[in-house]
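Dumping the structure here so I can ask a few things about it.
The values are calculated or read from the model by the stated rules, or taken from the named source; none is laboratory data. As the structure is a computational prediction, the values presented were derived from the model and not from experiment. Quick reminder, even Gly has a Cβ in these numbers, built from the backbone with ideal geometry, and neighbours come from all protein chains shown.
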Amino acid sequence: MKDDRHSPMRDAGSDRQVAEEVPQTPQTMAPAYRLAFADPEFLCRDELRPVRLQLELLKPEMILDERGITSTIVLFGGARIPEPAKKDKARTKTLRDLSKFYDEAREFSRLMTLKSMQSYGREDVIVTGGGPGVMEAGNRGAKDAGGSSIGLNIVLPHEQAPNEYVTPGLCFNFHYFAIRKMHFLMRAKAICVFPGGFGTLDELFESLTLIQTGRMRKVPFLLFGEAFWRKIVDWDALSDAGTISPEDLDLFHFVDSAEDAVKIIEEFDEAS
C-alpha cells in the first residue's frame with residue numbers, strides 16, 4: 001500500500017495487512033484479536049453508531065473535496081416515473097402522463113452539466129438519489145453532456161443496483177437517511193423537485209423547512225410540474241390557515257420545462 005501521508009508514523013493500512021498474514025492460532029483467530037477498525041462485527045455494534053454516523057459523513061465529503069466539487073444541483077423525484085419509451089409498462093395512467101418529466105429531468109441535467117464543465121466539473125454538479133426514474137434521468141442527462149454526476153444511494157430492502165449513468169467514482173451508498181440528506185444539501189446551489197411519492201415529499205418539505213427557518217441559505221427551489229404539485233398540496237390553504245406565512249410561498253417556483261428552470265437559476269446567480 002502506498003503511503004502518501006506526511007506523518008512519520010506507520011500507517012494503519014500496513015498494519016492491517018500484516019495482521020491478516022499472522023499464523024492462525026486460537027489466539028489470532030479470536031474476534032478479540034482483530035484490529036478494531038478492521039473488525040466488521042465490532043463496527044456494527046449498537047454502541048458504535050456514533051462512529052458509523054461520522055464515517056458516513058466523512059467518506060463522501062473527503063472524496064468530493066478531493067475531486068474539487070464545490071457546488072451541486074440537487075434533483076429529487078419519483079423512482080417510479082418511467083422514461084417515455086417505456087411508459088406503457090407504468091402501473092397507472094398518471095405515471096404514464098408524468099413520463100414527460102423524465103425527459104425534462106434529463107434535458108435539465110444535460111444543460112446544467114454543460115455549464116458545470118465550464119468550471120471543469122467543480123461547480124453545478126448534478127446529484128441524485130442514484131436510483132431509477134427521475135434519478136436515472138438526472139444522471140443520464142449529465143452523461144449525455146459528457147460530464148460527471150453524483151449518486152447518493154441508500155440500502156433498502158428491495159432496492160436494485162445504482163442506475164448505470166452515475167459516475168462510478170461518485171456513487172455512494174448510505175445506511176443512515178439523515179447523513180444522506182446532509183450530503184444532498186451541504187453543497188446545494190439549487191434544488192429541483194420532480195413529481196414523486198413519500199420519499200420525494202419528505203425531501204421536499206425537509207429542504208423547504210431548512211430554508212424557511214434560516215438553517216440553510218435561500219437557493220433556487222424549483223417544483224417541476226405545477227399541475228401535479230397544486231393537486232397534491234394545497235399551498236394556498238396552508239397560507240390561509242396561517243400555518244405558514246404568505247411570504248413562505250415565495251421560497252419556491254413552479255416550472256414545467258428544463259429551459260425555464262435553467263433561466264431561473266441563471267437569474268438567481270446574477271442577482272446574487
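List pairs: first residue in region 183-212 and under 14 Å from residue 253 (Cβ atoms), second residue among the polar types (S, T, N, Q) anywhere in the structure, Cβ distance under 7 angstrom, at least six positions apart or on different chains.
Once the first residue is under 14 Å from residue 253 (Cβ atoms) and sits in region 183-212, its partners that are among the polar types (S, T, N, Q) give 191/207; 193/200.
Residue 10 - would you say it is part of a helix (DSSP H, G or I), basic (Lys, Arg), out of contact with any strand residue (DSSP E or B) (no Cβ under 8 Å at 6 or more places or on another chain) and over 30 Å from residue 201 (Cα atoms)? Give the steps one after another, and end with the answer.
Numbers: part of a helix (DSSP H, G or I): no; basic (Lys, Arg): yes; out of contact with any strand residue (DSSP E or B) (no Cβ under 8 Å at 6 or more places or on another chain): yes; over 30 Å from residue 201 (Cα atoms): yes.
Considered against the rule, which asks whether it is part of a helix (DSSP H, G or I), basic (Lys, Arg), out of contact with any strand residue (DSSP E or B) (no Cβ under 8 Å at 6 or more places or on another chain) and over 30 Å from residue 201 (Cα atoms), residue 10 comes out as no.
Could you grab the pairs with beta carbons closer than 9 Å, sequence gap of 6+ or different chains, first residue in region 123-149 and crowded, with 24+ Cβ neighbours inside 10 Å, second one at pLDDT below 95 and among the acidic types (Asp, Glu)?
131/159
Can you tell me which of (1) in contact (Cβ under 8 Å) with a residue 40 or more places away in the chain; (2) out of contact with any Leu (no Cβ under 7 Å at 6 or more places or on another chain); (3) surrounded by 14 or more Cβ atoms within 10 Å (Cβ to Cβ) is the one residue 68 doesn't meet?
For residue 68, the failing item is (3).
What is the residue count in region 150-177 for residues that are touching a residue at least 40 places away in the same chain (Cβ under 8 Å) and part of a helix (DSSP H, G or I)?
The first filter runs over region 150-177 and keeps only residues touching a residue at least 40 places away in the same chain (Cβ under 8 Å), leaving 150, 152, 169-172, 174-176.
Right, trim to part of a helix (DSSP H, G or I) and you get 169-170.
Of the residues in region 150-177, 2 are touching a residue at least 40 places away in the same chain (Cβ under 8 Å) and part of a helix (DSSP H, G or I).
Out of the residues in region 92-106 that are surrounded by fewer than 19 Cβ atoms within 10 Å (Cβ to Cβ) and acidic (Asp, Glu), state the one that is farthest from residue 75 (Cα to Cα).
Filtering region 92-106 for residues that are surrounded by fewer than 19 Cβ atoms within 10 Å (Cβ to Cβ) and acidic (Asp, Glu), the one farthest from residue 75 (Cα to Cα) comes out as 97.
Which number in (1) surrounded by fewer than 23 Cβ atoms within 10 Å (Cβ to Cβ); (2) touching a Gly at 6+ places or on another chain (Cβ under 8 Å); (3) not hydrophobic (A, V, I, L, M, F, W, C) marks the one condition that residue 116 misses?
Of everything listed in (1) surrounded by fewer than 23 Cβ atoms within 10 Å (Cβ to Cβ); (2) touching a Gly at 6+ places or on another chain (Cβ under 8 Å); (3) not hydrophobic (A, V, I, L, M, F, W, C), residue 116 misses just condition (1).
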